[in-house]
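Undergrad: Just passing along the structure, written as structure tokens.
Bear in mind these aren't lab numbers, they're just calculated from the coordinates by the rules spelled out. It should be emphasised that the depicted structure is a prediction, and the values quoted were computed from it without experimental measurement. So basically every Cβ, Gly included, is an ideal-geometry build from the backbone, and we count neighbours across all protein chains shown.
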Amino acid sequence: MSAILVINSGSSSLKYSLIDIEQEHLLASGLIERIGQDVSPVTHTVRPDIDADAVPTMLDATYRGERPIADHAAAFEVMREQFAAHGPSLEEHPPAAVGHRVVHGGARFYAPTLIDADVERQIDELAVLAPLHNPANLAGILAARGVFDDVPHVAVFDTAFHQTLPPAAYTYAIDAALAAEHRVRRYGFHGTSHQYVSEAAAAFLGRDLGGLRQLVFHLGNGASVTAIDGGRSVETSMGLTPLEGLVMGTRSGDIDPAALVHLSRRAGLSIDDLDSLLNTRSGLAGLAGRSDMRDILAGVDAGEDAAMLAFDVYVHRLRAYAGAYIAQLGGVDVISFTAGVGENAAPVRAAAMATLGFAGVEIDPARNEARERGIRRISTDVSPVTVLVVPTDEELQIARQTAELL
């Protein structure tokens, strides 16, 4: 087995990566956006070959264009055209398998799963728990199986890593029979990222994963934190859906459920109105009118009250979860930051860790501010708790799990 094609299919997008799994080297990647609209932007990036020392011999080459693309089946044909026109050749690097990101696996799927008609049916059934994600994931699977019909297809679920949560962590304190009937419990998300980062952190430190207590902050437009004990997820901030937990770009995170009842009664908001409010008009966007942390930090520097409040609320939630999860773990050995905000926003990392000296956290300001690529330490050499920045690679994790299953 050499190449694995990794697919991340959104409602109007197709993201793909071709990975040489033996060398764990990304050969090419691409993104097709606005599928079904008048014009769809297409981006295809070819990575250079690596020499014997795994050092790139040339820079990436990126090709951009746009065209109308009606649906996901058409998007896969465009993807194949990009490989044929710009490389690498799918004849020279034929995918031995296709790995698919699927957001919600419910309680049914706890490991990478070979896709057949029954698995497709169950992914469709679970769309009730992830209506924004699972239908799009399934559309990508159906299109991919039509194009690559002679290789195995594997589903890797965002929720699978969190199947190790104990009942005390995944159970909501509501009517038990009602919760069971409608599958209401904590599932957790970003599992492939949390698993990849926790394993990468242990490898970087030369430590046994099984002996580490870790916190991983995945901070992007969507954000979550997971407590990982010996490589197993034992607590995570997202719940039944990706809405619960931390403040996010456009999502509220934690809120008193009675506030929604109040808004329904007093402001006349319907269920759909509330869903839109919490998922698209809340978080940083709701507080400051901007969902990108870079814009929030620029507003903080400019002294804008709304931006400063949004930043403070965001950090307050990070600290609250950090303290709670350290208590659940009985202490922590490693804290890692990943994803767009976690990897790039030094002020967020500094502020989130500023009050954790009691737990043994000591940040080195110069290391934290340094703009370096790759995994790196931002805590002091004498800090009892190691704090890292670990670039995530969910595509590689999906490729690894696909290869391991097969």
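Undergrad: So which chymotrypsin sites (Phe, Trp or Tyr not before Pro) in the stretch 130-176 are both in a DSSP loop and have at most 10 other Cβ atoms within 10 Å of their Cβ? Write down the numbers at each step before the final one.
TA: Numbers: sites: Phe148, Phe157, Phe161, Tyr170, Tyr172; in loops: Phe148, Tyr172.
The qualifying sites: there are none.
Undergrad: Mind checking the log10 I(q)/I(0) for the stretch 206-394 at q = 0.16, 0.18, 0.19 Å⁻¹? Debye, one equal scatterer per Cα, no solvent, two decimals.
TA: For the requested q values the scattering log ratios are -1.01, -1.22, -1.33.
Undergrad: Moving on. Using packing as a proxy for protection, rank 213-224, 287-298 so that the peptide with the highest average count of other Cβ atoms within 10 Å comes first.
TA: On the way: 213-224: 24.8, 287-298: 18.3.
Top of the packing list down: 213-224, 287-298.
Undergrad: Quick one: putting +1 on the C-beta of Lys and Arg, -1 on the C-beta of Asp and Glu, what dipole do you get for the stretch 253-401 around its Cα centre, in Debye to the nearest 20?
TA: Values: 14 positive and 21 negative charges, 25 e Å.
It comes to approximately 120 debye.
Undergrad: About the Cα centre of the stretch 3-157, how large is the charge dipole given +1 on each Lys and Arg Cβ and -1 on each Asp and Glu Cβ? Please answer in debye to the nearest 20. Numbers along the way, then the final one.
TA: On the way: 10 positive and 22 negative charges, 113 e Å.
I would put it at about 540 debye.
Undergrad: Which three extents, in angstrom, do the Cα atoms of the stretch 3-157 have along their principal axes, listed largest first?
TA: Largest first, the stretch 3-157 extends 47, 38, 24 Å along its Cα principal axes.
Undergrad: What is the log10 of I(q)/I(0) for the chain, computed with the Debye formula using one identical point scatterer on each Cα and no solvent, at q = 0.06, 0.08, 0.10, 0.13 Å⁻¹?
TA: -0.25, -0.45, -0.72, -1.24
Undergrad: Another question, then. What share of the DSSP beta bridges in the stretch 3-157 is antiparallel, in percent to the nearest 5? Working shown, then result.
TA: On the way: 29 of 39 bridges.
Just about 75 percent of them are antiparallel.
Undergrad: Taking the number of other C-beta atoms within 10 Å as the exposure measure, put Thr171, Thr338, Thr192 in order starting with the fewest. The partial results should precede the final answer.
TA: Working: Thr171 14, Thr338 28, Thr192 25.
Result, fewest neighbours first: Thr171, Thr192, Thr338.
Undergrad: Still on this structure, please answer the following. Only helices at least 30 Å long along their own axis, judged from Cα atoms, and with Kyte-Doolittle mean hydropathy of -1.0 or greater: name those in the chain from DSSP H. Numbers along the way, then the final one.
TA: Working: long enough: 305-329 (36 Å, 0.58).
Helices passing the filter in the chain: 305-329.
Undergrad: Between the stretch 91-114 and the stretch 175-214, what is the C-alpha centre distance in whole Å?
TA: 18
Undergrad: Another question about this same structure. How many Å³ per residue does the convex hull of the Cα positions in the stretch 256-304 occupy?
TA: 85
Undergrad: Once you put a point 7 Å from the Cα of Thr62 and another 7 Å from the Cα of Ala177, both along the Cβ direction, what distance in nm separates them?
TA: That separation, rounded to one decimal, is 5.7 nm.
Undergrad: Strictly greater than 19 Å: what percent of every Cα pair in the stretch 270-377 meets that?
TA: On the way: 3066 of 5778 pairs.
Tail of the P(r) past 19 Å holds 53 percent of the pairs.
Undergrad: Another question, if that's okay. For the chain, what does the helix formula give at 222 nm: sum of -39500 (n - 2.57) over DSSP H segments with n ≥ 4, over the residue count, nearest 500 deg cm²/dmol? List each step's numbers first, then the result.
TA: Values: 15 runs with 155 residues, N = 406.
Theoretical 222 nm ellipticity from helices: -11500 deg cm²/dmol.
Undergrad: Then there is this: Over the chain, what is the percentage of antiparallel beta bridges among all DSSP beta bridges, to the nearest 5?
TA: Numbers: 43 of 63 bridges.
Antiparallel bridges: around 70 percent, rounded to the nearest 5.
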